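Report on the structure given below.
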Amino acid sequence: MDNRIAILGAGSWGTALAILAARNGCQTLLWGHNAAHVAALAQTRQNHRYLPNIDFPALLTVTAHLPEVGSFGNVLMVCVPSHAFKATLLALKPHLPADVKIAWATKGFNADNGALLHETVAAIFSPDTPAAIISGPSFAAEVAADLPTAITIASLQTDFANQLAEIFHSGRFRTYTSSDLIGVEVGGAVKNVLAIAAGIADGLGFGANTRSALITRGLTEIMRLGIQLGGKPETLMGLAGLGDLVLTCTDDQSRNRRFGLALGRGKNRAQAIEEIGQEIEGVSAAKQTYLLAQKYGIDMPITEQTYKVLYEGLAPQAAVENLLSREVKAESPDSPT
């Protein structure tokens, strides 16, 4: 098996995965769109902006040239933000070999039409193109620092999932394989919306009770949408669903949570984004998740109120009051009312 992988996206997560693969003995090429940033990576052998003080392994090289990515090998890992996912693949496609295999660690929907990312890959390439997603409760800084982490690799092609597992699995990074692309994608995208909601609640000064309720009822929303789209309940209750939801809602390493905290403390959307200075996937995901809920008639009240805060100017305090004032109902369909 050719032990090479090209990783697109020189932010925190792309860099962390590149470091991990190279540490595991895999020839790794990391691509970034910003030539000056890539030049700094090459010179210092660190990503000072996103992962300071973590040295690059010898097997990790960097480039800002897409043709070099295409000629490096046939296994790609895309780690760009969801809004750039489609454009990056379209730009890369002319340079790729016919037997390309495409994986991604991007968490979100296609910003153009709300499609799941595996649908975007199939539309750009072919439904037969091997495709996989890596997702789960994982902060880039902890992976780069070699702290214990467990994630899910989902693909309809078992051989490709196993190949990726071989590249990334280590004594401190445990990989589980799955065939449920949809469940893993939905879990990874929607948890960012709920992390914004949890951050808002904490920013308003509400306590652990509120956060716990938001996480629990948020999981219900993830499962409603995920199952509607074809995902499996056991996936949504696993690492890529519940695991990632808990992590993102409770730890301030989460950009989405910090964004919500800023909103709850009185910052507006633009101020909160500027304060964090990195991509906040939950902002786009809130819109796409809300539209999907409307399309399928799915009750997702936390998502709806988060959408209204972000896109309709609803005050965070009013959003919480709207949730608390909802009518009494059974927790699950078979519960007594």
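In table form, for the structure just shown:
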{"item": "Looking only at the range 65-98, and only at residues there that are modelled with pLDDT of 95 or more and among the polar types (S, T, N, Q), the one that is nearest to PHE109 (Cα to Cα)", "result": "SER82"}
{"item": "Number of the exception - ALA161 against (1) more than 16 Å from the chain's Cα centre (by Cα); (2) open to solvent by 10 Å² or more (accessible area, probe 1.4 Å); (3) touching a residue at least 12 places away in the same chain (Cβ under 8 Å); (4) outside the structural domain of LYS232 (by the TED database)", "result": "(2)"}
{"item": "Residue in the range 33-45 that is small (Gly, Ala, Ser), on the phi > 0 side of the Ramachandran plot and assigned by the TED database to the domain that holds ASN110 present", "result": "no"}
{"item": "Residues (open to solvent by 10 Å² or more (accessible area, probe 1.4 Å), in contact with a Phe, Trp or Tyr (Cβ under 7 Å, 6 or more places away or on another chain) and not in a loop (DSSP other than H, G, I, E, B)) located in the range 123-149", "result": "ALA140, THR149"}
{"item": "Leading residue by the ranking (surrounded by the fewest Cβ atoms within 10 Å (Cβ to Cβ)) among those in the range 47-64 that are without any contact (Cβ under 8 Å) to a residue 24 or more places away in the chain and more than 25 Å from ALA165 (Cα to Cα)", "result": "ASN53"}
{"item": "Filter pass, GLY260 being crowded, with 22+ Cβ neighbours inside 10 Å, in contact with a Pro (Cβ under 6 Å, 6 or more places away or on another chain) and in contact (Cβ under 8 Å) with a residue 60 or more places away in the chain", "result": "no"}
{"item": "Residues of the range 263-302 that turn out to be touching a Gly at 6+ places or on another chain (Cβ under 7 Å), open to solvent by less than 70 Å² (accessible area, probe 1.4 Å) and of a type outside the set (Val, Ile, Thr), as a count", "result": "7"}
{"item": "THR120 under 20 Å from LEU181 (Cα atoms) and either surrounded by fewer than 18 Cβ atoms within 10 Å (Cβ to Cβ) or not assigned by the TED database to the domain that holds GLN43 (or both)", "result": "no"}
{"item": "Any hit, the range 168-184, residues being in a helix (DSSP H, G or I), more than 15 Å from the chain's Cα centre (by Cα), farther than 30 Å from LEU214 by Cα and not assigned by the TED database to the domain that holds VAL320", "result": "yes"}
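The values are calculated or read from the model by the stated rules, or taken from the named source; none is laboratory data. What you see is a predicted model, and the numbers here were worked out from it, not measured in a lab. FYI the Cβ positions are ideal-geometry reconstructions off the backbone, even for glycines, and counts take in every protein chain you see. These accessible areas exclude ligands, DNA and RNA; they are computed on the full protein's heavy atoms, side chains included. Shrake-Rupley method; radii C 1.70, N 1.55, O 1.52, S 1.80 Å.
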